[in-house]
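Engineer: I'd like to ask some things about the structure below.
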Ligand SMILES: [Cu+2]
């Protein structure tokens, strides 16, 4: 029996019940930048996969399969204040050395932190730096963890023709000055309390409106099913509305499977929410997905981004 299982593990990727051990690396930096629509540059923090890589918004994507054991090696090379990693919805075990006992310290400049967990539930998660929340998240210290389902779900997902990741984010450039990003740890909590949040820039990944290019923009054939991962790494509410001609199935919200597949076309994401949805259309379509950025409790959006949708024969 064991031989057959081993053979299946070898022949069918994803069959193994025991999962793999993965050790992804996250490099934390505080000297990245993002070019804004007027050509100016704004300073950001971020998470890269390796030392010589500039982090994007979102930072490096970590991928795993249900049942895998992960030990994230977080290396802080930011020179400034300490940082830390949290994953929304997952309890992490943290060590300062690979096999040391659990620690609760933040990770200082040039230190490593090792965060281990078992990926028990398939879904899309947001990981981020909780230090001085929400300052470091606004600065850009966030990324996506994807836990892919085991084999039985994979069969169900077999008809998916492509996968997209849309990470909504707003930016108030007043939070991105050197005096704020380099402030001493002791001053920060008082400073964060006094900061007002009036974002001037609104992004899907790190792009605006129609600037979203392949592979993130939506183009598909009639009848094709596209899996979209949506994450809110901003501080506002994101209301995402698909054209009514499109069929939407919500698979998971914050990695919890949703069984009620009601006909919905609008999703509301609070900060740090993440959804996995399946989208398809039986007809050709040339439209857009509306991405509205709102203050919670207010009806009128502060800004609406439009992601082009093209469905052809
Ligand atoms: Cu941080």
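Engineer: Based on other C-beta atoms within 10 Å, arrange 186, 97, 245 from fewest to most.
Structural biologist: Least to most surrounded, the residues fall as 186, 97, 245.
Engineer: What is the extension gain from residue 133 to residue 222, computed as 0.36 nm multiplied by their sequence separation minus the C-alpha to C-alpha distance, in nm to one decimal?
Structural biologist: This chain segment gains 27.7 nm when fully extended.
Engineer: Translational diffusion coefficient of the stretch 160-312 at 37 °C, 0.692 mPa s, Stokes-Einstein with Kirkwood Rh over Cα pairs, in µm²/s as a whole number. Provide the component values of the computation, followed by the final result.
Structural biologist: Working: Rh = 16.7 Å.
Answer, rounded: 196 µm²/s.
Engineer: Also: With the contact rule set at Cα under 8 Å and sequence spacing of 6 or more, what percent relative contact order holds for the stretch 19-150?
Structural biologist: Numbers: 343 pairs, mean separation 38.9, N = 132.
This gives 30 percent for the stretch 19-150.
Engineer: What is the fewest-to-most order of 252, 124 by other Cβ atoms lying within 10 Å of their Cβ?
Structural biologist: Details: 252 20, 124 28.
Ordered by Cβ neighbours within 10 Å, fewest first: 252, 124.
Engineer: Note down the relative contact order for the chain as a percent, whole number, built from C-alpha pairs under 8 angstrom at least six residues apart.
Structural biologist: Relative contact order for the chain comes out at 15 percent.
Engineer: So, R0 is 45 Å and r is the distance between the beta-carbons of residue 49 and residue 194; what FRET efficiency does that work out to, to 0.05?
Structural biologist: E(calc), rounded to 0.05, equals 0.80.
Engineer: According to the square roots a ≥ b ≥ c of the eigenvalues of the Cα gyration tensor, what is the shape class of the stretch 45-189, taking rounded for a/c under 1.5, prolate for a/b larger than b/c otherwise, and oblate for the remainder?
Structural biologist: oblate
Engineer: Which FRET efficiency, nearest 0.05, do residue 20 and residue 73 yield, Cβ-Cβ r, R0 25 Å? Let's see the in-between values first.
Structural biologist: Working: r = 16 Å, r/R0 = 0.64.
In this case the efficiency is close to 0.95.
Engineer: What order do you get for 86, 175 when you list them from fewest to most C-beta neighbours inside 10 Å?
Structural biologist: 86, 175
Engineer: Let me ask another. Quick check: pseudo-label points 7 Å beyond the Cα along Cα→Cβ at residue 109 and residue 41, how many nm apart are they?
Structural biologist: 2.0
Engineer: Contour minus end-to-end for residue 118 and residue 245, with contour as 0.36 nm per residue of separation and end-to-end as the Cα-Cα distance?
Structural biologist: 41.8 nm
Engineer: Which stretch or stretches of the stretch 268-287 have amide N atoms under 13 Å from the point lying 7 Å from residue 306's Cα along the Cα→Cβ direction?
Structural biologist: Label zone hits: 286-287.
Engineer: Which value in deg cm²/dmol, rounded to the nearest 500, describes the helix-derived mean residue ellipticity at 222 nm for the chain, given -39,500 (n - 2.57) per DSSP H run of n ≥ 4 and division by the residue count? Walk me through the intermediate numbers first.
Structural biologist: Numbers: 5 runs with 35 residues, N = 313.
Result for the chain: -3000 deg cm²/dmol, rounded to the nearest 500.
Engineer: How large, in Å, is the chain by the Kirkwood hydrodynamic radius built from its alpha-carbon pairs?
Structural biologist: Here the Kirkwood hydrodynamic radius works out to 20.7 Å.
Engineer: Kindly state, to the nearest 0.05, the FRET efficiency for residue 290 paired with residue 97, given R0 = 51 Å and r defined as their beta-carbon distance.
Structural biologist: Efficiency, from the Cβ-Cβ distance: 0.60.
Values in this text are rule-based calculations from the coordinates and carry no lab data. Quick caveat, the model's predicted, so the values are computed rather than measured. Note that we place each Cβ from the backbone using ideal geometry, even for glycine, and neighbour counts take in every protein chain shown.
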